[in-house]
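Structure, as structure tokens:
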Amino acid sequence: MNATLRSALFALLPELVLLLTALFVLLSDSARIPGRRQPKGAPLWVALTGLLIAAAHTALSIAAPAWEGSVSFAGLELNPVSQLFKAMIIGSCAVACLLARTSREIDDRDKAELLGLLVVSALAHCLIVSASNLIVLFACLEMAWLGTYVLASFKREEPRSSEAGMKLYVYGALSSLLFAGGALVAYGVAGSFDIAAIRAPLAALGSAHDAASIGCLLLIFALFFSTVAARLALFPFHFAAVDGGEGAPIPVAAFQSAASLLAAVALAARVFLDLFSVRSAAGWSALEGVPWPYVLALFAAASMTLGNLAAISQNSLKRMLAYAALSQAGFLLIGLSVADGLGVASMIFSLFTYTVMILGAFFTIQCISGFYSGSQTSDDLSVLDGLAWREPFAAVALSCFLLGLIGVPPLSGFLGRFYLLNAALQGGHLWVAAIFVLNWVIGSAYMLRLVARFFKDEVAHRVDAGTKDVMFTRFEKAVLVFLMIPTIGLGIFSDPFMRYLSKSLSQSFELLTRSL
Amino acid sequence: MTAYIPVLILMGLGAAVAAIVLLLTHLIGPKAPNKIKMGVYECGVPPIGDARRRFSVKFYLVAILFLLFDVETVFFFPWAVVYKKFLSVNAFILAEMLVFLAILLVGYVYIYRKGALEWD
């Protein structure tokens, strides 16, 4: 429904709160209360408070929505699924802020700026999730991209960080260019930037069987698909994301792996399911002339395979996690390419569990490598040798997250992939399912090899003399346990969540097609 | 054609302001020339000699900050053009620009406090 200004402002409260939080983080860093000592750590508390309020409002709007179905306002469209994505993005920003707090890679003076940038980046990703107008989508993509490369190159003195920022800059510019091109041609065809209004002219292009129309449609599809693939870091657009994940400081890498993928998946769903498909009883059927499920499945399979194989030979923890994220993106998009309610629901479930696990993995890795190498955070794999004997808690936590990432039961990663496989088989995509299973098995190799290193014989490690005398403070342990609970819990009790997803999905997308 | 008269007025005013300032400086400014003061001014850099000389990175910072606030000014122009038309509906357009200004004001306060506007 189209909202009045007041109800729209209430619905968009999380975004407004995020904006105010970012501004107040900057202000609190530069505020000087005359006569009293400047409070240390004020920016972090401001950031966490704002994120908590935004997350609470988002969660409230999922549990007890103040509006019926979905709300449209000024090119943004809010429905239960988008609220769920937003809650995940805000959650990952909160974890990234906590990571920034204990990070030894980043100077204390710069931490407030990092927090402000993280919050603004979270805002941008939240807006991408809700955008339903091509102009708004373009503006939000640019905003998110800007945050990405500025954050990645945050450690100015380290060459890898600057290099990561430069690569993300170039690739981001490329993806924005492709999107702008697609949006322009779509506007030329449809006369409007609203996604709901573009679908019908595109369908008309598809059903007119002359070369010009088909060519035009394929051009639009190619441009939009390339943009989405670049944002998702699918093969062959993965190079920047992998190098970016390796060079960026750990809080940033964690946030990027989680939130960037969330927003990119939402973008993919928006483009493929809303723009290039027609909703039918059985799910979504692609527009005539645009076989996007097959193209998507092809690229997803390629990314899966590449991610799994390339991760085997990595010696750098962050790079290996980046390749793991790449292969996970491939697995997820198989769910999207099935193009029915079951596929999309399992994709969202898998995405949620992946977010929790990847954040947990980065958190643990930061604690471990911060303990051993201080500010020169070397992420060499040798830091993990014999971890099980030295620090049992670290080994338990890290193996929980890493094994979850490759889908070992009873962790939630297994159920995520199981649901995806189920969706692929029920949709009748046997070849895709076969490649899926093959990659699932082969892809476990690198992670199992890593986890096996935990049990190596006692190796002496130099502990960096620094401010940390234990690997995990109680607070960090609490955060890790908090992240482990959904990892294990959702592996066992996934049914309520899956049922909720299917229900809210059918609710959300039904309202979109009512206007057709 | 008559729509361009404001542009003409703007041009004239700009030229007039520049000319008046120069004229006033010449008429009422104190006159105590010496060799250094009458020399060419190049932001503190010696004007004659090898061009490959180090210069302060503050120039870059000032340029970037100027760029940001200049882009803000550029965004004002289209807003100003449609302002009157939208104001007759409700005050939303004013509130929108105030929000934009507020965000940039926070940025300004931040750079002021962080000492980015200090030359040394």
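The values are calculated or read from the model by the stated rules, or taken from the named source; none is laboratory data. A quick note: this is a predicted structure, and the numbers were derived from the prediction, not measured. Glycine gets a Cβ as well: all are built from the backbone with ideal geometry, and neighbour counts include every protein chain shown. For the accessible areas, the whole protein counts, side chains as well, though only heavy atoms, and no ligand, DNA or RNA atoms are used. Shrake-Rupley method; radii C 1.70, N 1.55, O 1.52, S 1.80 Å.
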Task: Enumeration of residues in segment A:125-134 that are farther than 13 Å from A:SER92 by Cβ and either in contact with a Cys (Cβ under 7 Å, 6 or more places away or on another chain) or assigned to a helix (DSSP H, G or I) (or both) - done: A:LEU127, A:ILE128, A:SER130, A:ALA131, A:LEU134
Open item on the list: For the structure I just gave you, tell me whether B:ILE28 is more than 14 Å from chain A (Cβ to nearest Cβ), open to solvent by 100 Å² or more (accessible area, probe 1.4 Å) and at pLDDT below 85.
Closed with: no
- [ ] Scan segment A:470-494 for residues that are at pLDDT 80 or above and not aliphatic (A, V, I, L, M) and jot them down.
- [x] A:PHE472, A:THR473, A:ARG474, A:PHE475, A:GLU476, A:LYS477, A:PHE482, A:PRO486, A:THR487, A:GLY489, A:GLY491, A:PHE493
Open item on the list: Take the conditions polar (S, T, N, Q), open to solvent by 10 Å² or more (accessible area, probe 1.4 Å) and within 22 Å of the chain's Cα centre (by Cα) and apply them to A:SER316. Does it pass?
Closed with: yes
Task: Residue in segment A:73-90 that is out of contact with any Ser or Thr (no Cβ under 6 Å at 6 or more places or on another chain) and among the polar types (S, T, N, Q) present - done: no
Task: Within segment B:103-119, considering residues that are of a type outside the set (Val, Ile, Thr) and open to solvent by 50 Å² or more (accessible area, probe 1.4 Å), the one nearest to the other protein chains (Cβ to nearest Cβ) - done: B:ARG113
- [ ] Please work out which one of (1) surrounded by 23 or more Cβ atoms within 10 Å (Cβ to Cβ); (2) farther than 20 Å from A:ASP29 by Cα; (3) among the hydroxyl-bearing types (Ser, Thr, Tyr) is the condition A:SER121 fails and give its number.
- [x] (2)
Task: From the options A:PHE235, A:PHE299, residue that is open to solvent by 20 Å² or more (accessible area, probe 1.4 Å), of a type in the set (A, V, I, L, M, F, W, C) and part of a loop (DSSP other than H, G, I, E, B) - done: A:PHE235
- [ ] Quickly run through segment A:267-289 and pick out the residues that are over 26 Å from the mean Cα position of the chain (by Cα) and open to solvent by less than 40 Å² (accessible area, probe 1.4 Å).
- [x] A:LEU287, A:GLY289
Open item on the list: Residues that are within 17 Å of the chain's Cα centre (by Cα) and over 30 Å from A:LEU19 (Cβ atoms), at least 3 per element: which helices (runs of 4 or more DSSP H) completely within segment B:4-120 meet that?
Closed with: B:5-28
- [ ] Restrict the check to segment B:70-85 and report whether at least one residue is open to solvent by less than 60 Å² (accessible area, probe 1.4 Å) and either within 14 Å of another protein chain (Cβ to nearest Cβ) or in contact with a Pro (Cβ under 6 Å, 6 or more places away or on another chain) (or both).
- [x] no
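Matching residues to (1) assigned to a helix (DSSP H, G or I); (2) surrounded by fewer than 21 Cβ atoms within 10 Å (Cβ to Cβ); (3) touching a strand residue (DSSP E or B) at 6+ places or on another chain (Cβ under 7 Å):
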{"residue": "A:GLY116", "(1), (2), (3)": "yes, no, no"}
{"residue": "A:VAL136", "(1), (2), (3)": "yes, yes, yes"}
{"residue": "A:GLU157", "(1), (2), (3)": "no, yes, no"}
{"residue": "A:TYR169", "(1), (2), (3)": "yes, yes, no"}
{"residue": "A:ALA173", "(1), (2), (3)": "yes, yes, no"}
{"residue": "A:ALA186", "(1), (2), (3)": "yes, no, no"}
{"residue": "A:SER192", "(1), (2), (3)": "no, yes, no"}
TODO: Would you check if A:SER161 is among the small types (Gly, Ala, Ser), in contact (Cβ under 8 Å) with a residue 12 or more places away in the chain and open to solvent by less than 60 Å² (accessible area, probe 1.4 Å)?
DONE: yes
